[in-house]
Amino acid sequence: MAPGEKSPHGRGPANRRGFVKGLGAAGVALPALAMLPRWGVAEDVAASYANAAINWKQFAGETITLAGAIHPWSNAITPLLWDFTKLTGISVVTDFRLETAYLGALAIQLNRGGSTPDVFMFTAYGQGISAGWLEPLNAYYSDKSLTDLGWYDEADLLETARTFPVWRNGERYGCPITSEAVTLFINGDALAAKNLSVPRTFDELLAAANAIKTSEMSGIAMRAQAGGNSSPPAMSFVFSYGGDMVKDNKAAFASPEAIAAIEMYGQLLRQAGSRGVSGYEWYHVLDDFLQRKTAIAIDSSNFATDISNPAKSVVARQALFAAFPHVAGRPSVPFMSHWQACINSRSRHKRAAFLFLLWATSKPTSLRTAAAGLATTRVSAWSGEDFKKAFGAQAAEAALTNLQNADVDRAKAILFHSLSRPILDAFMIGVNEVVSGARPAKIAMTNAAEKANATIRG
């Protein structure tokens with residue numbers, strides 16, 4: 001945060017040194033950007049890649065297909081693809097779609113054994129490994145004709161970006177490309193109008209959401225669509241109430257802790273939520289907050305770039321960014337994740353695809369995408385003034401707080417499960433029933449866990 005500013009969650013000013021120290025020491029864990037300007041010092045950019053002991057032109061003439069969701073990462077990397085082609089001679093064809101449509105289509109495409117896309121954004125790690133869709137990457141990292149580890153500087157990666165993709169056998173099948181944690185967003189003017197402070201506990205959140213809702217603005221918006229893609233905010237409630245999504249290879253969201261968490265989730269949205277919130281996905285939540293249709297939103301920390309952009313957001317000046325709430329007497333445990341980029345195990349251009357991953361996640365490329373506000377996996381990028389200016393100093397501190405508070409193991413337990421998608425689908429069907437008032441939390445979550453466990457048992 002900028003000197004003299006106060007954190008929305010009651011902390012004093014944070015200086016740059018403290019911000020960077022927090023990133024490294026805590027092992028930060030980790031749901032549209034403006035076109036990036038061309039660097040005026042193009043020679044310096046070229047020199048940063050030339051310093052690598054890598055023959056960037058060794059696959060010149062090849063073409064790779066890059067697939068992914070329409071997402072801050074895809075929006076940030078797209079303007080730089082021509083620079084990659086100029087550096088390597090490798091052409092990149094992109095296929096970016098709305099997230100839900102993309103994830104559904106990708107699984108079908110990979111299951112059919114197609115050789116494209118060559119590189120793709122991915123989250124269902126366990127499913128991809130068990131199905132044989134993902135190319136193992138350790139051998140590529142150790143290949144000196146492809147990788148200069150000294151230049152790549154893995155020590156500059158956030159700790160979880162180094163450990164997150166490591167499978168139980170020590171192999172890596174993906175390369176983290178973003179860092180995010182579930183965060184609290186608040187319209188400061190709406191809060192001030194009721195003389196309220198930023199809520200810290202879930203009970204305070206419920207009281208605030210009910211107090212500030214109006215006929216034109218809901219009190220709170222969160223995802224509630226009956227599909228696994230909507231699960232991060234609800235999982236954050238479960239974790240913060242002391243529950244787990246998966247434990248001992250069983251769905252654990254019928255526990256008393258998880259039931260209490262989802263009861264609160266449903267209560268918030270039933271009492272103070274947006275009209276039609278039971279069908280909300282992330283883009284509904286973001287749009288409501290940007291357009292002052294909701295006073296509070298809970299979702300990915302990556303929302304910050306759009307929220308702080310006056311060209312997109314009517315609340316850019318009054319938006320507050322805060323730590324995820326907690327239960328009285330318990331710590332806050334927001335959900336965290338890293339989107340990863342993986343190589344298709346049936347790709348005909350695997351080495352060219354790996355060169356792309358190396359370039360896309362390198363220091364110089366990460367500094368450029370971070371300048372547009374992308375939360376990358378690099379400490380150097382997170383600590384840069386350009387990133388904090390684009391992302392927002394207060395938003396960056398809130399994101400860092402939530403990343404530090406996250407439980408990586410609990411997140412990986414569900415994300416890396418080979419049946420993560422059907423488990424999450426069952427979970428969100430239950431959550432949706434609670435939000436819509438169709439069933440009480442105990443019945444809905446018990447049924448959801450039973451359905452998920454039936455899938456796990458096969």
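The values are calculated or read from the model by the stated rules, or taken from the named source; none is laboratory data. Just so we're clear, the structure is a prediction, and the values are computed from it rather than from any experiment. Using ideal geometry, Cβ is built from the backbone for each residue, glycine included, and neighbour counts are taken over all protein chains shown. What goes into the accessible areas is simple: the full protein's heavy atoms, side chains included, and nothing from ligands, DNA or RNA. Shrake-Rupley method; radii C 1.70, N 1.55, O 1.52, S 1.80 Å.
Going residue by residue through segment 369-382, is there one that turns out to be open to solvent by 40 Å² or more (accessible area, probe 1.4 Å), in a helix (DSSP H, G or I) and not β-branched (Val, Ile, Thr)?
No; the residues of segment 369-382 include none that is open to solvent by 40 Å² or more (accessible area, probe 1.4 Å), in a helix (DSSP H, G or I) and not β-branched (Val, Ile, Thr).
Please work out which residue is nearest to residue 72 (Cα to Cα), limiting yourself to segment 317-334 and to residues that are of a type in the set (A, V, I, L, M, F, W, C) and in contact with an Asp or Glu (Cβ under 9 Å, 6 or more places away or on another chain).
Out of the qualifying residues, it is 321.
Quick test of your reading of the structure: residue 283 fulfils all but one of (1) surrounded by fewer than 24 Cβ atoms within 10 Å (Cβ to Cβ); (2) at pLDDT 95 or above; (3) in a helix (DSSP H, G or I). Name the failing condition by number.
Answer for residue 283: the failing condition is (2).
Taking residue 402 and the conditions (1) modelled with pLDDT under 95; (2) assigned to a loop (DSSP other than H, G, I, E, B), which numbered condition does it fall short on, given that it satisfies the others?
That leaves (2) as the condition not met.
Where residues in segment 197-211 are under 13 Å from residue 324 (Cβ atoms) and in a helix (DSSP H, G or I), which of them is most open to solvent (accessible area, probe 1.4 Å)?
The extreme case among them is 204.
Could you check segment 289-306 and list, in sequence order, the residues that are in a helix (DSSP H, G or I) and surrounded by fewer than 22 Cβ atoms within 10 Å (Cβ to Cβ)?
Of everything in segment 289-306, those that are in a helix (DSSP H, G or I) and surrounded by fewer than 22 Cβ atoms within 10 Å (Cβ to Cβ) turn out to be 290, 306.
Of the residues 348, 330, only one is outside any helix (DSSP H, G or I), touching a Ser or Thr at 6+ places or on another chain (Cβ under 7 Å) and under 30 Å from residue 88 (Cβ atoms); which?
From the options 348, 330, the qualifying one is 348.
Might you let me know whether segment 245-264 holds any residue that is closer than 30 Å to residue 315 by Cβ and surrounded by fewer than 24 Cβ atoms within 10 Å (Cβ to Cβ)?
yes
Scan segment 276-289 and report the pairs whose first residue is within 18 Å of residue 307 (Cα to Cα) and whose second residue is part of a helix (DSSP H, G or I) and open to solvent by 30 Å² or more (accessible area, probe 1.4 Å), with Cβ atoms within less than 7 Å and a gap of 6+ or a chain change.
Close Cβ pairs satisfying both conditions: 281/100.
For the list (1) open to solvent by less than 10 Å² (accessible area, probe 1.4 Å); (2) modelled with pLDDT of 95 or more; (3) closer than 25 Å to residue 109 by Cα; (4) not aliphatic (A, V, I, L, M), I need the number of the one condition that residue 128 fails.
(2)
Does residue 214 satisfy being of a type in the set (Ser, Thr, Tyr), at pLDDT 95 or above, part of a loop (DSSP other than H, G, I, E, B) and over 16 Å from residue 430 (Cα atoms)?
yes
Yes or no, residue by residue, for (1) in a strand (DSSP E or B); (2) at pLDDT below 95:
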| site | (1), (2) |
| --- | --- |
| 39 | no, yes |
| 43 | no, yes |
| 59 | no, no |
| 73 | no, yes |
| 94 | yes, no |
| 100 | no, yes |
| 110 | no, no |
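Inspect all residues belonging to segment 252-271 and state whether any of them is closer than 21 Å to residue 300 by Cβ and modelled with pLDDT under 95.
For segment 252-271, residues closer than 21 Å to residue 300 by Cβ and modelled with pLDDT under 95: absent.
Applying the selection to segment 394-416, what residues are crowded, with 23+ Cβ neighbours inside 10 Å and either under 13 Å from the mean Cα position of the chain (by Cα) or not polar (S, T, N, Q) (or both)?
Once the filter is applied, which keeps residues that are crowded, with 23+ Cβ neighbours inside 10 Å and either under 13 Å from the mean Cα position of the chain (by Cα) or not polar (S, T, N, Q) (or both), segment 394-416 yields 395, 396, 397, 398, 399, 400, 402, 403, 406, 411, 414, 415.
Would you check if there is a residue in segment 172-193 being in a loop (DSSP other than H, G, I, E, B) and farther than 30 Å from residue 288 by Cα?
Yes, some residue in segment 172-193 is in a loop (DSSP other than H, G, I, E, B) and farther than 30 Å from residue 288 by Cα.
So residue 89 ticks every box in (1) farther than 24 Å from residue 169 by Cα; (2) modelled with pLDDT under 95; (3) of a type outside the set (Lys, Arg) but one. Which box is left unticked?
Residue 89 satisfies all of (1) farther than 24 Å from residue 169 by Cα; (2) modelled with pLDDT under 95; (3) of a type outside the set (Lys, Arg) except (2).
Being in a strand (DSSP E or B) and at pLDDT below 95: is that true of residue 161 here?
no
Check segment 178-195 and report whether any residue there is over 16 Å from the mean Cα position of the chain (by Cα), under 25 Å from residue 237 (Cα atoms), open to solvent by 10 Å² or more (accessible area, probe 1.4 Å) and modelled with pLDDT of 95 or more.
Yes.
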